[in-house]
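The values are calculated or read from the model by the stated rules, or taken from the named source; none is laboratory data. Because the structure is predicted, anything quoted here is derived from the model rather than measured. Ideal geometry is used to build each Cβ from the backbone, glycine not excepted, and the neighbour counts take in all protein chains shown. Each accessible area value is taken on the protein alone, full model and side chains, heavy atoms only, with ligands, DNA and RNA left out. Shrake-Rupley method; radii C 1.70, N 1.55, O 1.52, S 1.80 Å.
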Amino acid sequence: MKTYDVIVIGGGPAGLAAAVSADKKGASVFLIEREARLGGILKQCIHDGFGLIRFGEKLSGPEYVERFIKEFREREIDHSLLTFVTEMKRTDGGFVLKAVNRRGVQEYCAKALVLATGCRERTAKQVQIHGTRPAGIMTAGTAQHFVNLQGKMPAGKCVILGSGDIGLIMARRLTLEGAEVLGVYEVKPTPSGLTRNIVQCLDDYGIPLHLSHTVTRVFGEQRLTAVEVAEVDSNMKPVEATKKRVACDSLILSVGLIPENEMAEKLGVRLDARTKGPVCDNRFMTETEGVFSCGNALHVNDLVDYVSESGELAGAAAAEFTRRGADTVTKQGKNSRAVSVELKPDTSLQYLVPQKLTLSDELKQVVFYFRSREVLSAGTLVFLLNGKEIFHKKYRNLKPPEMERLELDLSTFKIEKDSRIEIAIRKEGDI
Amino acid sequence: MNVNVLQKKLHKHFGESVSVRIENRCIIVSGHLDSWDKIVAACSMCVNKKPGMHVVNDIRLDGVTIPEMRIPDVKDDSLDKKKPDVLIIGGGISGASIARELSKWKLDILLVDKEADLAVQASGRNDGEVHPGVDLNRGSLKQHYVLKGNRMFGRVCKELSVPFDRCGQYVGFTGKWMYPLIWAYVWQRRHICKVKDTRILKRDELFRREPNLNPEFQFAIFNPSAGCVCPYGLTIAYGENAVENGAKVSLNTAVLGMEVKNAKIRSVTTNRGTVYPKIVINAAGVFAEDVAKMAGDRFYSIHPRKGTNSILDKKSGSLVKGIASIKTLNQNTKHTKGGGILHTVHDNLLVGPNAVETYEKENFATEQGSIDAVFEKQKLTAGALSKRDIITYFTGVRPATFEEDFVIEKGRRTKNLIHCAGIQSPGLTTAPAVALDIEKMVVKELSKSRKVERNRDFQPVRKAAPVLNRLSDEERNRLIQENPNYGEIVCRCEEISKGEILDALKSPIPVPTIDGIKKRVRPGMGRCQGGFCMPLVTKIISEYEQIPEEKVRKAGAGSEILLRETKPGKGEAVS
């Protein structure tokens, strides 16, 4: 059985960044990818707009990820493609993984794991769409796979439900390929995707966006023939009188992403109900010691630049953990549990990552990701330590679809094990 | 029975527009009414307990045209002039199990189904419970067969290599005061109805076995013989074993008419030619009455009753280990137990079904209301049940007779016909036993005109393809070494390899569609519902079948997943 310091599961942008950064820190690294090629979902994201923050230029998904793949290859990091993890177990010194590939059943050993397993799309049934079960209903990601990787069109005349970014991107993509996109229906009163995508993918092509509307039913026996759409009330319940049929042959869904953490859950990793990703500390380590999480498995990011960043941070921390873990074993006989403090965001935040801080000398620069619950033209993010404000930052145009990143030096604050740290966004005028 | 009394009763409840008469052991109710529920109520009112008496519904529904049976688009002569010994109409659990049992004999067996696969209607749209038969009264065919069928499941599933779990059924009661009543009921079931192992579980033992059930349960009826099976998996396995033993299955084949002369079916017209069977078995589910009518032998009626089930993520699977439900006194226990929670052989939870009368035999549309109602009730069985864990839902339509019993008998007027009709719940459980009896009836009938010989090559054990994630590491590794496709995972949620998908494409009844593959080896059954694997499965089907991806269908004709290629790029040839 092969033994590594760090095993990274997932060869998308998060996993690649994690592997490279753990390798840079001197750890022995192994990356497992279930598909035949590295790159994750970016392989099919042929539109531009990736890398503005990181590289200061607009790249396509494949171009963006190619830069990481190149570095990964140059560093000759050990990896296995088309390999699927079937089992993960904790052992005394780390973890044992079982996987299958075309060569057989494999077993690997690692001191630390980085879970970079990405996310999946919510399906039609998960948003309570009823009626028949015809062909022509699929998620935006599936449609994107067909169009961009297989060169096939799944839609002729289509309705898009949900204004998530992939849905918006696909509205444009399908239009460019000659499909007729009748409209994008969004159950919420505000769009779910980035403003730039609303402008560039819908407005520029004259595709209508119907806010506070949803698809309630589908029709057709073999192929979809129509959908029923309706306006929703303030409780998001469809209003009977507004129901109408829209004839179409396809329904494309972009109704949310769910971090994939089924593997993590099997290891006993606790998840945050808000992010659907693991609860983690400032090192992106989950509550299961030695298990790190990053990218869209940790929380759904809006931009890939942040996915790569969290991968880098998690990879470096995992490498650090394997180095230190060994130190503590020799000194104290076993790993001593570090003390951590929970961060308490109030309801003005949709979520905050990380959810905890582990108190140690390393607690200096910490990267936070958060989303506002409401659309705010102006707001102030406030950190309170035992009721006292220790930090605030003003923001303009806070929107739930747009994630915010904040880097903070916590070394100057006296955070102790029984400290109470609360985080809130105050609306302008509240202060 | 006094027809005048019945007539008065009908008039009192439904007015003068309905009337009833009795002819040849048929209680024929006719006239017209303005709602389907009234029609069902009127016909149900006329039911007579005397064996062999059936209600035939001739009441018209005002202002509504009952939808015609959907017919496949295919038209060819692939079956034309065939002369099978036995023609089985219907590829559900009944037809498939009958085909398999008959394949023990040297007979030319032809099974036809109008759908693109076996088990597309009721047999593929139920909860897969193998019933203990505790809720059935003596004297019914259902009760007779359920006890026999249940006992056969272990052996049948082993032979056919179908997962079966005798997980036990728990029916919980919240009122202590009901104990004496239920004790008497259970005594009666054990000693009179011969459900020998049914018993009462005290609170402690109940919660030791099923810790997540309603804490207010005071005791429960426990049926250790209850189990679960994958209903379409079993149907397909029966069909495959029949084909392995020489039977023929023709899908996308609808029976359109029959020529009946001198009380015998001479020929049967289908969309794929006219066949001349010696004997016909009517296992047509919701359309059994229609087939009976074609054969000039309509003496019962089917009133379709739909039910919706939800399937929950495997993550919630540990909530219930067996089959659990709650019994309260105010619930309508007439037609169904009102659903329950069932831990499937694939470790999902299945919640439902409800029961709604309908005149649309093929309306499988789901409604949120059905799911809400079922969950409201089943949350009383297990409080932690959550709609958030739903990954999919489906509706099935049960083919019920007004007597709420099976019709398993030779044609009354038409001699070379055997009815296997009204097979609603527990029809999956009864199928193995019913099939044996129908086998006997067929052999007896055919023996009248010629010698029927045993098929000495009959092989009861199905050659099932391996299910990789159920194997030991050593075995799995060995198979991957032999065939690396077994090591290439295509469906991540259910952990299905490319090799297993190819096996399904090479199986005895191959159905090279997304749904056909999904039913056989499960890609797309998991929590992402095919979001990740559907493009890959499409590609595998297209490569194996050597058809363009645009020709790959979800199910029947017209359900192609893809419409065309994307626009050619610059410099690419336009083809």
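Values as computed for the structure displayed
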quantity: Most fluctuating residue given options A:273, A:179, A:14, as computed from a GNM of chain A linking Cα atoms under 10 Å; calculated: A:273
quantity: FRET efficiency, 1/(1 + (r/R0)^6) with R0 22 Å, evaluated for residue B:34 and residue B:4 via beta carbons; calculated: 0.30
quantity: Calculated SAXS-style log₁₀ I(q)/I(0) at q = 0.13, 0.20 Å⁻¹ - region A:231-375, Debye, Cα scatterers; calculated: -0.68, -1.27
quantity: Estimated vicinal HN-Hα couplings, Hz - region B:203-215 in sequence order (Karplus 6.51, -1.76, 1.60; Gly, Pro = x); calculated: 2, 4, 5, 4, 6, 5, 7, 10, x, 9, 6, 3, x
quantity: Under Karplus coefficients 6.51, -1.76 and 1.60, residue-wise ³J(HN,Hα) of region B:6-18 in Hz, glycine/proline x; calculated: 4, 4, 4, 4, 4, 4, 4, 8, 10, x, 7, 6, 10
quantity: Residues residue B:410 and residue B:11, FRET efficiency given R0 of 35 Å [Cβ-Cβ distance, rounded to 0.05]; calculated: 0.45
quantity: Gap separating the Cα centres of region B:445-520 and region A:151-200, nearest whole Å; calculated: 40
quantity: Area of residue A:84 that stays accessible when all protein chains are in place (1.4 Å probe, Å², to 10); calculated: 20
quantity: Listed residue pairs exceeding 25 Å between alpha carbons, taken from B:82/B:261; A:125/A:356; A:70/A:399; A:356/A:394; A:125/A:427; calculated: A:125/A:356; A:70/A:399; A:125/A:427
quantity: Heavy-atom accessible surface that A and B bury in contact, both chains counted, 1.4 Å, Å² to 100; calculated: 4500
quantity: Cβ-based net charge around residue B:531, under 12 Å, with every Lys or Arg adding one and every Asp or Glu removing one; calculated: +3
quantity: Calculated over region B:472-551: convex hull of Cα atoms, volume per residue (Å³); calculated: 92
quantity: Peptides B:35-44, B:5-14, A:308-317 ordered by average Cβ neighbours within 10 Å, highest first; calculated: A:308-317, B:35-44, B:5-14
quantity: Mean residue ellipticity (222 nm) of chain A, computed from DSSP H runs ≥ 4 via -39,500 (n - 2.57), nearest 500; calculated: -6000 deg cm²/dmol
quantity: DSSP bridge orientation in region A:95-246 - percent antiparallel, rounded to nearest 5; calculated: 60
quantity: Span-like helix ranges in chain A, DSSP H, alpha carbon extent 15 angstrom or more, Kyte mean at least -0.5; calculated: A:13-24, A:165-176, A:304-332
quantity: Positive-end residue, region B:3-61 charge dipole about Cα centroid, Cβ charges, pick of B:4, B:43, B:33; calculated: B:4
quantity: Long-range HN-HN contacts of residue A:288 with modeled amide H, under 5 Å; calculated: A:270
quantity: For chain A, built as a Gaussian network whose Cα springs stay under 10 Å, the top-fluctuating residue of A:350, A:200, A:144; calculated: A:200
quantity: Estimated distance in nm for a label pair at residue A:420 and residue A:89, the labels positioned 7 Å out from Cα along Cα-to-Cβ; calculated: 4.5
quantity: ³J(HN,Hα) computed for each position of region A:111-124 - Karplus, 6.51 cos²θ - 1.76 cosθ + 1.60, integer Hz, glycine/proline x; calculated: 7, 9, 10, 10, 8, 10, 8, x, 9, 10, 9, 5, 9, 4
quantity: Magnitude of the charge dipole, region A:1-150, Cβ model with Lys/Arg +1 and Asp/Glu -1, debye to 20; calculated: 380
quantity: Packing-based ranking, highest mean first, of B:429-440, B:131-142 given that Cβ atoms within 10 Å are counted; calculated: B:429-440, B:131-142
quantity: Cα shape, region A:289-417, gyration tensor, a/c 1.5 rule; calculated: oblate
quantity: Amide H contacts of residue B:400 (H built 1.01 Å from N, under 5 Å, at least 5 apart or other chain); calculated: B:303, B:305
quantity: Residue (of B:459, B:229, A:46) at the positive-pole extreme of the protein assembly as shown, dipole from beta-carbon charges; calculated: B:459
quantity: Between region B:204-225 and region B:135-172, the alpha-carbon center distance in angstrom; calculated: 21
quantity: Probe 1.4 Å, accessible area per residue of the protein assembly as shown, Å²; calculated: 41
quantity: Anisotropy class of chain A from Cα gyration tensor, a/c 1.5 cut; calculated: oblate
quantity: Residues in region A:91-123 occluded by at least 40 Å² - accessible area, probe radius 1.4 Å, against chain by itself; calculated: A:100, A:102, A:105, A:120, A:123
quantity: Euclidean distance between Cα centres, region A:64-125 to region A:267-295, Å; calculated: 17
quantity: Net charge dipole size for the protein assembly as shown [Lys, Arg +1 and Asp, Glu -1 on Cβ; Debye, nearest 20]; calculated: 3820
quantity: Which listed pairs, of A:2/B:518; B:50/B:519; B:142/B:248; B:104/B:142, have C-alpha distances above 31 Å, in listed order; calculated: A:2/B:518; B:50/B:519
quantity: Dipole magnitude (debye, nearest 20) for region B:3-61, charges at Cβ of Lys, Arg, Asp, Glu; calculated: 280
quantity: Charge sum, other residues only, whose C-beta stays under 10 Å from residue B:173's C-beta, Lys/Arg counted +1 and Asp/Glu -1; calculated: +1
quantity: Nearest-10 value in Å² for the accessible area of residue B:22, using the 1.4 Å probe; calculated: 70
quantity: Region A:123-253: C-alpha gyration tensor shape, a/c 1.5 cut-off, then a/b vs b/c; calculated: oblate
quantity: Placed amide H near residue A:122: partners under 5 Å, 5+ positions off or other chain; calculated: A:255, A:256, A:257, A:258
quantity: With every protein chain in place, region B:3-61: carbon and sulfur % of accessible area (1.4 Å); calculated: 52
